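The values are calculated or read from the model by the stated rules, or taken from the named source; none is laboratory data. Quick caveat: nothing in here was measured; it's all calculated off a predicted structure. Every residue, glycine as well, gets a Cβ built from its backbone with ideal geometry; the counts of neighbours run over all protein chains shown. Protein only, heavy atoms only, side chains kept; ligands, DNA and RNA dropped before computing areas. Shrake-Rupley method; radii C 1.70, N 1.55, O 1.52, S 1.80 Å.
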Amino acid sequence: MNGFKVRLDGLKAGADYLYRVQVGETWGETREFNTLPDSGEIVFGVLADTHNVCGGAMNAALKFAPDLSFFAHAGDFVSAGGVYDDWQTYFADGTGLHAQIPAVTVAGNHDLSDGTGASYLITHATPANGPDAAPEGLNYYTELNDILFISLGGGF
């Protein structure tokens with residue numbers, strides 16, 4: 001499985017950004033995302049145990065809260081972390097929403113069922129600030145405004 005991720009630094013809070021991805025001579029479609037404001041109220045949705053399908057839940061959350069800033073995903077994105085088709089199905093089911101809406105994620109035991117979490121790690125960029133003894137990228141924390149998220153990857 002091949003995966004690509006990028007970490008952007010220096011973005012302005014509360015701003016809209018457009019981007020496109022190029023592979024060789026081929027350009028993807030233009031996408032948009034918004035960064036969180038520095039302060040104030042934010043709205044986010046929580047997903048868990050999506051097991052390859054998430055589009056319906058993501059669209060329902062956006063219908064309920066159109067100003068949603070990000071998703072927090074509590075793991076088990078897919079049924080079998082080492083199965084390429086499960087990840088392809090998961091991302092396709094999101095109908096492009098993964099390219100627009102940021103996520104704070106944590107790997108669940110199903111995502112790590114291959115024993116390494118390799119597929120999760122190549123498709124999700126996470127901070128490298130976890131405990132020294134923990135596998136890098138699976139245990140970390142992140143602060144968004146006044147919220148502290150602590151992500152402890154399942155299965156380890």
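At-a-glance table
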quantity	calculated
The range 115-136 - residue that is among the polar types (S, T, N, Q) and part of a loop (DSSP other than H, G, I, E, B) and, of those, modelled with the lowest pLDDT	THR116
Where a residue in the range 28-54 is without any contact (Cβ under 8 Å) to a residue 60 or more places away in the chain and its partner, wherever it lies, is part of a loop (DSSP other than H, G, I, E, B) and open to solvent by 80 Å² or more (accessible area, probe 1.4 Å), with Cβ under 6 Å and at least six apart	GLY28/ARG20; GLY28/VAL21; THR30/ARG20; VAL43/ASP67
Residue among ASN59, ASN34 that alone is of a type outside the set (Phe, Trp, Tyr), touching a strand residue (DSSP E or B) at 6+ places or on another chain (Cβ under 6 Å) and either within 24 Å of SER151 (Cα to Cα) or surrounded by 11 or more Cβ atoms within 10 Å (Cβ to Cβ) (or both)	ASN34
Looking only at the range 62-105, and only at residues there that are under 15 Å from THR123 (Cβ atoms) and of a type in the set (S, T, N, Q), the one that is least open to solvent (accessible area, probe 1.4 Å)	THR105
Single residue of the range 120-140 satisfying the filter (open to solvent by 50 Å² or more (accessible area, probe 1.4 Å) and of a type in the set (A, V, I, L, M)) that is farthest from the chain's Cα centre (by Cα)	ALA133
Among the residues listed as GLY108, GLY117, the single one being touching a Gly at 6+ places or on another chain (Cβ under 7 Å), surrounded by 14 or more Cβ atoms within 10 Å (Cβ to Cβ) and at positive phi	GLY117
Residue in the range 43-50 that is of a type outside the set (A, V, I, L, M), in contact with an Asp or Glu (Cβ under 6 Å, 6 or more places away or on another chain) and not in a strand (DSSP E or B) present	yes
Residue, farthest from the chain's Cα centre (by Cα), within the range 88-112, restricted to residues that are of a type in the set (Gly, Ala, Ser) and modelled with pLDDT under 90	GLY96
